[in-house]
Structure formats: structure tokens, C-alpha cells
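So the structure is just underneath, and the comments pick up after that.
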Amino acid sequence: MKVLKADFYDGTTSARQEVEIQFEPPGQLRISGLERELIFPLSQLRISPRIGNTPRSIYLPSGAKCEVPDNDTIDSILERYGRSSWQSFLHKLESKLVYVLLALVITVISVWGLVQYGVPALAERVARSLPTSVDEALGREALSVLDQHFFSPSVLDADRQRELRTLLAGITQRIEDTHVYRLEFRSGVGANAFALPSGLIVITDGLVQLAENDNEILAVLAHEVGHVVHRHQLRRLLQDSATVLIIASIAGDVTSLASLSAALPTLIIEAKYSRDFESEADQFALRYLRDNNIRLHHFADILLRMEKQRPSSGLGGGYLASHPATKERAKLFQDDG
Amino acid sequence: MINESPQVDTKDIAGGQHIPFEFSGKAGEYFKIWIVNISLTILTLGIYSAWAKVRRKRYFYGNTHLKDSTFEYHAQPVQILKGRLIAFGAFIVYTAVNAMLPLAGVVLAILFVFAVPWLVIKAHAFNSRNSSYRNLRLNFKGNYARALAVYIGLPILSVITLGLAYPVYMYHRAKFVVVNSAYGTASFSFSATAGAFYLIALKAVGIAIAAAAFLTVLVLGLGALPTMVTQPATPVGGPVALLIIVGGILAFSAIRAYLDTAVANLIWSNVRASGNQFQSTLRTRYMLWLYLSNAVAIVLSLGLLIPWVQIRTMRYRLENLKLLAKDDLDGFVAREQEKVDSGGEEASELFDLDIGI
């Protein structure tokens, strides 16, 4: 039987003593090299599970321990005497390429499934259980901040504003929803429209001028109402927090380096969620136009015109885009026949 | 004696020797452990995470060598699982109470603030008592009132003083951890001063100001600042925005690297136990290179190089840590062991408390 080199630590001092151990006679551990030889039956010993190629610890009943570098011999002894713990199975998983690849596939599919379906489904369920008062709290300060930095008062005359408010009321009175919808007008940031989670929708003078008819504005308003009805702001908040948690748990204790490298995947996933929300709002607009026999192309027309007006910045395209490509969106709004 | 630089006064360690720490972890080997850990954690809906943690820590400890001996991590996964379940339960209770009775939620939040020092002590005690070198355990014993002053009082003071007291907090936090730790019966002492932490903070602020000034001059030089502010989407805006983002990331990383390096060197080089002294000689420039290359590697590999990043970072840190020992390290003596449940450590993990030094 093989003689193994080991380090012996008695557990009362930090002194290291080089010893030789062998598993002889069968079923026993013999330690030589100390003042007197020690013999223990295997049943009295606890042996640490194998992890990589780190040294194994054999804990003796006295509190002393032997540190043994030769993992393979320890494993074969444990196997021979039926003392392998279930953790030796873990080491098998960790050392065979097939299992490692399997683990990789499981991980990739699970993470993908979680990001693609799990998180959005969960966020929707949570959002549904929260009252609309949460939505109001979410965007309370947003408009005043925007007013300070980007907007100036609208120059549209009161009659036109009233007309457009009637358009919005036409959309919202037909849906079952507890949000209180209002329409506000501002000037600045080109042709644009957005919705706050409370139900406050803002359109810019630029958009009103860009529109060639009221059906185009109606389509844009329907898209914004879609954001509010489907509670996108709240769901975005929930999904984005979940994403940060998932990324952090995979990156684990990479600590400071994680902040840098976790940023990009987080941005990509959050941008994907943003595009999904835009598509959902588009679907809402599509359904509204169809139900009210308004030609679909109105939405496509104004989208394309807005796109033409807005110079591309070069940054933030593709996987980082917050909206789906305009051409794709417009394609959805081609009139049937 | 003020001891600001990593250079250590070796006079009173006469006849001593420099013993380097060594790290033998291998990225390929650790990758397998890591990916099996993640996949089993997913398959068991998180339960395996306790086993994953123990295997990860045992791998890193077992590959850390000091003078022919390695370290060992002893925590039992079931202990950790229990702690995680308790922490998770507490979190659920808090969330539920907060949703139903907001006022009671506020009371719970205040109670939690007072639990933080206790959690910090528990976490350090659990981690220390489950760490051994040469079959002697580390130990940690902290006083609650002191922890309350350090972990709650000083952060509040830092906020009130607009950050001026933050270096004092860093100093006392490090000191609290070091002086309450022991190896066997030998307790650690800490000889750094608050002044040294102020010096580091001052330099970090200096780097930040220099970086901000440099970026501003660069952007102004391109004459693009006015366009940036008014019209974020103009063609000029793209490259300038990119420049600001990249420059900002570089500056942030540089400050981070400097702080991490200087603080680690300062703390470690002022830790002593029974006449043995640590010495840490990390370099900011190499740390910055590590951070940036690690980030690029993780992003380009879609996260698959995370194990490699962890191994190489640990190797760099340990290869720059030495022990200036007065003798052969054989003279430490064990003390009576006490059991600590893992509730504290796992709770602090869940609530994201920073307990490392």
C-alpha cells in the first residue's frame, strides 16, 4: 500500500509536522513521523470533500488534522471502503467535460428563459396586484423636472388644445381603466409625445405641426394610452430591478469589476424590455384604430415623418435602442387590402 | 508612529523572514466548479447556493498558501442554508408588513438599523471562526456599542459633514475589524492612523478634479459643448458624448483602482499579530489594468470569463501580500471554540452590507 506525505497539525498549536500516512492495516489510518505512531480506524475519521485539487483534510478524533495533497489516493481509499460522500458526486460533475458542458447549457437556457419570459411575466403579475395609486406616485415629479430643463409653454391656441383633448377623451372613455387621463401641451424637443404613468400625456407643438391630419395625432395618442393602460413604467421599474439582481447574482463577488462589466448586459436587457413595451403600445394603437375603422397607415405615416425629422446620433442603435426600428413598426401599420 | 506608506519598519522584527502568500488556483479548474455551482443553484431554485458558496470558498482558501500550509474554510452548507432562509423570511415579513401597514414598516426599518451592527459582528464572527490556518481557527469578538458607533454613527456623521468625516469612518471600520480579530489566542493590532486615510481621500479627490478638468478642456477644445447641451442628437453630439462616456469610465476606474489599492495597502501593512506584520504592495497602475481588462474580458465572453477574472485578481492580490514573520509561525496557540450560527453573515449578504476589509 502506498505511503503518502502529509502535514500534521495537532489543533492546539500552529506547529507543522511532516508525517507519512498509510491506510494499513486495511480499514485503518496509520500516521508515522510523530513521537509515537498513531492508528485510527477509518470509521473514526472525517475526511473533507474533494474540491479541485486543493489539499484534503483528514480530521482526527483528538481535534488534530492531516493535510494530504494526494487527492486521487484518498478518493480510491474512500471508494474502496464505501465511505464516499454524496459530495464526491459533485466533484465528478466538476471534473468531467460532458457534465460541465451540460451545466453550461442549463445555465444559458435558464438565464435566457428568465430574461425572456420569467421576469416580464412576474413583473406583470406584480404590477397587476398593485393599485393605480402607485402609478401616480411614480411620475409625480417628472413633468416639473422636464419643464425646467427641456420644455417651454405651448403656443397652440386654446381651441386647438380643446379639440385635441376631445380626441384623447374619445380613446379613453371606451376603455376600462382606473387611470385619470389628461393631455398637456408643451413646446421644445422637436416632434414628440410621451405618457407619464399617472395618465398624463404630453404632446409637443412640433408633433401637432408635423401631423397632416388629426387621425395621425389620434394614433399617436392611442400608442401613449397603451403605455399607461399596460402600466409600462411600473413594469419597467420592476423588470429593471430584477435584471440588476440576476446579473449581480451571476457576476457574484466580482465586486468592483462587476460594476463596469455588468453595466453593458444590463443596458442591453433593459433596452430589449423597452422595445417590447413599445411594441405592446403599438399593438394597443393598432387595435384601437382597427376597432374604430381608422386607416392604419396614419400611424405609419407620422412615425416615418418623425424619423425623417430626427437626425440619427450614431449612438444607441441596434441592441441598445429603446424603440424598435421605425421601418419594422411602420410595416405593422400597412392597411390590409 | 505614523505609518502611512506600505513600507514597513522591520527593525523590531529582528531575525525575521519575509514569507510571501501564494495562490495556486487555476482558471480552467475553477470554471468547472463555478458553472456547476450556477447550474445546480438554478435547478434547485437557489437551495444549492449554500453548497456553492462553501465549495467556492474552500477552493479559494485551499489554494492560498503561506509557508507550506494552506487555509481552510469550514462552514457547513446546511448552516448557511438556514441563515439564508432566515434572512429571506425576514425580508418577506418586512415587505409584507411594509405593504399592509406602512407605519409598522417604518418601525421595522428603524429596528433594522439597530440590528446592522449586530449583523456585522455576527458576520465577521461566523466567517472568522470558520476559517483556519494550520488547524487553528481565526476568531472575532466585537462590542455592540462600539459597532453601533462605527457602522451607524460614523456614516451619519459623514453625511452631516458632507463627506468630510468619511475617512474617519473608513479608518474606524478597518480598525474595528482588525483589532477584534484573533488567530488562536493572538489578537491583531492596527497601527494605521486616520490621517493616512485622509491623505488617500485627498489624493483621490485630486485625481477626480484633474480628470474632470482634463475632460472639460478636451470637450471645450472641440468646441462642441454648446451643441451638446442644447441638442443632444446633433451629429457632433455622438462622438463627443462617446468621448465623455469613455473618459468618464476611465476616470472612474482610475479613482476606484487608486482607492482600492491604497486602502488595501494601508490596512494590510498596519496589521500585526504577536510581532508578525503583514505587508501589501499592490500597485494602482496594475490594478487599473486588471479592472479594465477584466471588464472587457467579461463583456466579450458574455460572462464566461468571470472565473478567470476572479482567479487572476485573487492571484495578484495574494502575490502582493507578505508576512514579515519573526519566526517560523509555529508558536500560535488555540483557544476554546464557540459556535456561531450563520444568521448574521447570510443576513448581511442579503441586505448587501459591505463586510470585507
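The values are calculated or read from the model by the stated rules, or taken from the named source; none is laboratory data. Being a predicted model, the structure only gives us computed values, none of them experimental. Reconstructed Cβ throughout: ideal geometry from the backbone, glycine too, with neighbour counts over all protein chains shown.
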| request: Filter region B:288-321 down to residues that are closer than 19 Å to B:Lys26 by Cβ and of a type in the set (S, T, N, Q) and give me whichever is nearest to the other protein chains (Cβ to nearest Cβ). | output: B:Asn294
| note | Restricting region A:1-11 to residues that are more than 12 Å from chain B (Cβ to nearest Cβ) and exposed (fewer than 15 other Cβ atoms within 10 Å of the Cβ), the one modelled with the highest pLDDT turns out to be A:Val3
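Can you spot a residue in region B:91-98 that is loosely packed, with under 15 Cβ neighbours inside 10 Å, within 13 Å of chain A (Cβ to nearest Cβ), touching a residue at least 24 places away in the same chain (Cβ under 8 Å) and farther than 25 Å from A:Thr54 by Cβ? Show your work before the answer.
Of the residues in region B:91-98, the ones loosely packed, with under 15 Cβ neighbours inside 10 Å are B:91-93, B:95-96.
With within 13 Å of chain A (Cβ to nearest Cβ) added as a condition, the list becomes B:91, B:95-96.
With touching a residue at least 24 places away in the same chain (Cβ under 8 Å) added as a condition, the list becomes B:91.
Narrowing the set further to residues that are farther than 25 Å from A:Thr54 by Cβ leaves B:91.
Within region B:91-98 (the criterion being loosely packed, with under 15 Cβ neighbours inside 10 Å, within 13 Å of chain A (Cβ to nearest Cβ), touching a residue at least 24 places away in the same chain (Cβ under 8 Å) and farther than 25 Å from A:Thr54 by Cβ), the answer is yes, since at least one residue qualifies.
So that you can scan it fast, the table gives a plain yes or no per residue for (1) in the same structural domain as A:Leu143 (by TED's automatic domain parsing); (2) surrounded by fewer than 19 Cβ atoms within 10 Å (Cβ to Cβ); (3) at pLDDT 85 or above:
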site: A:Arg235; (1), (2), (3): yes, no, yes
site: A:Ile269; (1), (2), (3): yes, no, yes
site: A:Asp276; (1), (2), (3): yes, yes, yes
site: A:Asp282; (1), (2), (3): yes, no, yes
site: A:Met306; (1), (2), (3): yes, no, no
| task | Within region A:32-91, track down each residue that is of a type in the set (A, V, I, L, M, F, W, C) and touching a helix residue (DSSP H, G or I) at 6+ places or on another chain (Cβ under 9 Å). | result | A:Leu42, A:Ile47, A:Ile51, A:Ile58, A:Leu60, A:Val68, A:Ile77, A:Leu78, A:Leu90
| request: Go through region A:28-47 and give me each residue that's surrounded by fewer than 13 Cβ atoms within 10 Å (Cβ to Cβ) and within 56 Å of the chain's Cα centre (by Cα). | output: A:Ile39, A:Pro41, A:Ser43, A:Gln44, A:Arg46
| said: Yes or no: region B:26-46 includes at least one residue that is more than 10 Å from chain A (Cβ to nearest Cβ), in contact with a helix residue (DSSP H, G or I) (Cβ under 6 Å, 6 or more places away or on another chain) and within 30 Å of B:Ser269 (Cα to Cα). | reply: yes
| task | Restrict the check to region B:217-230 and report whether at least one residue is modelled with pLDDT of 80 or more and either within 29 Å of B:Ser293 (Cβ to Cβ) or within 26 Å of the chain's Cα centre (by Cα) (or both). | result | yes
| Can you pull out the residues in region A:46-59 that are within 10 Å of chain B (Cβ to nearest Cβ) and either touching a Gly at 6+ places or on another chain (Cβ under 8 Å) or assigned to a strand (DSSP E or B) (or both)? | A:Ile51, A:Gly52, A:Thr54, A:Pro55, A:Arg56, A:Ser57, A:Tyr59
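Any residue in region B:51-62 that is of a type in the set (Gly, Ala, Ser), under 25 Å from B:Asn139 (Cα atoms), in contact with a helix residue (DSSP H, G or I) (Cβ under 6 Å, 6 or more places away or on another chain) and surrounded by 19 or more Cβ atoms within 10 Å (Cβ to Cβ)? Step through it out loud before you land on a result.
So in region B:51-62, the residues of a type in the set (Gly, Ala, Ser) come out as B:52, B:62.
The next check asks that each one be under 25 Å from B:Asn139 (Cα atoms); those that pass are B:52, B:62.
Then keep just the ones that are in contact with a helix residue (DSSP H, G or I) (Cβ under 6 Å, 6 or more places away or on another chain); that gives B:52.
This time we only want the ones that are surrounded by 19 or more Cβ atoms within 10 Å (Cβ to Cβ), so: B:52.
Looking through region B:51-62, at least one residue is of a type in the set (Gly, Ala, Ser), under 25 Å from B:Asn139 (Cα atoms), in contact with a helix residue (DSSP H, G or I) (Cβ under 6 Å, 6 or more places away or on another chain) and surrounded by 19 or more Cβ atoms within 10 Å (Cβ to Cβ).
Listed here are the residues, each with its yes/no results for (1) surrounded by fewer than 19 Cβ atoms within 10 Å (Cβ to Cβ); (2) over 30 Å from B:Thr185 (Cβ atoms); (3) at pLDDT below 85.
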{"position": "B:Gly237", "(1), (2), (3)": "no, yes, yes"}
{"position": "B:Asn276", "(1), (2), (3)": "no, no, no"}
{"position": "B:Asn294", "(1), (2), (3)": "no, yes, no"}
{"position": "B:Leu300", "(1), (2), (3)": "yes, yes, no"}
{"position": "B:Leu305", "(1), (2), (3)": "no, yes, no"}
{"position": "B:Met314", "(1), (2), (3)": "yes, no, no"}
{"position": "B:Leu329", "(1), (2), (3)": "no, no, yes"}
| remark: So the helices (runs of 4 or more DSSP H) completely within region B:133-205 holding 3 or more residues that are buried (at least 21 other Cβ atoms within 10 Å of the Cβ) and more than 14 Å from chain A (Cβ to nearest Cβ) are B:166-179
| field | Options A:Val119, A:Val108; residue that is surrounded by 12 or more Cβ atoms within 10 Å (Cβ to Cβ), within 11 Å of another protein chain (Cβ to nearest Cβ) and either of a type in the set (Lys, Arg) or within 19 Å of B:Leu43 (Cα to Cα) (or both) | value | A:Val108
| So which residues in region A:86-98 are surrounded by fewer than 17 Cβ atoms within 10 Å (Cβ to Cβ) and either at the interface with another protein chain (Cβ under 7 Å from one of its Cβ atoms) or more than 24 Å from A:Ser48 (Cα to Cα) (or both)? | A:Ser95, A:Val98
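Of A:Val68, A:Val111, A:Val105, which residue is among the β-branched types (Val, Ile, Thr) and modelled with pLDDT under 90?
Numbers: A:Val68 fails: modelled with pLDDT under 90; A:Val105 fails: modelled with pLDDT under 90.
From the options A:Val68, A:Val111, A:Val105, the qualifying one is A:Val111.
Hey, can you tell me all the residues within region B:99-112 that are surrounded by 11 or more Cβ atoms within 10 Å (Cβ to Cβ) and either closer than 21 Å to A:Pro131 by Cβ or among the hydroxyl-bearing types (Ser, Thr, Tyr) (or both)?
If we filter region B:99-112 for residues that are surrounded by 11 or more Cβ atoms within 10 Å (Cβ to Cβ), which is where we start, we get B:99, B:101, B:104-109, B:112.
B:Ala99, B:Leu101, B:Ala104, B:Gly105, B:Val106, listed by residue number.
Filter region B:20-72 down to residues that are in a loop (DSSP other than H, G, I, E, B) and not polar (S, T, N, Q), then give me how many there are.
Number of matching residues: 8.
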| request: Taking A:Ser14 as the residue in question, decide whether it is touching a Lys or Arg at 6+ places or on another chain (Cβ under 8 Å) and within 9 Å of chain B (Cβ to nearest Cβ). | output: yes
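Find the residue count for region A:122-135, including only residues that are out of contact with any Leu (no Cβ under 9 Å at 6 or more places or on another chain) and surrounded by 13 or more Cβ atoms within 10 Å (Cβ to Cβ). Outline the logic, then answer.
Pass one, region A:122-135, residues out of contact with any Leu (no Cβ under 9 Å at 6 or more places or on another chain): A:125, A:128-129, A:131-133.
So of that shortlist, the ones also surrounded by 13 or more Cβ atoms within 10 Å (Cβ to Cβ) come out as A:132.
Qualifying residue count for the region: 1.
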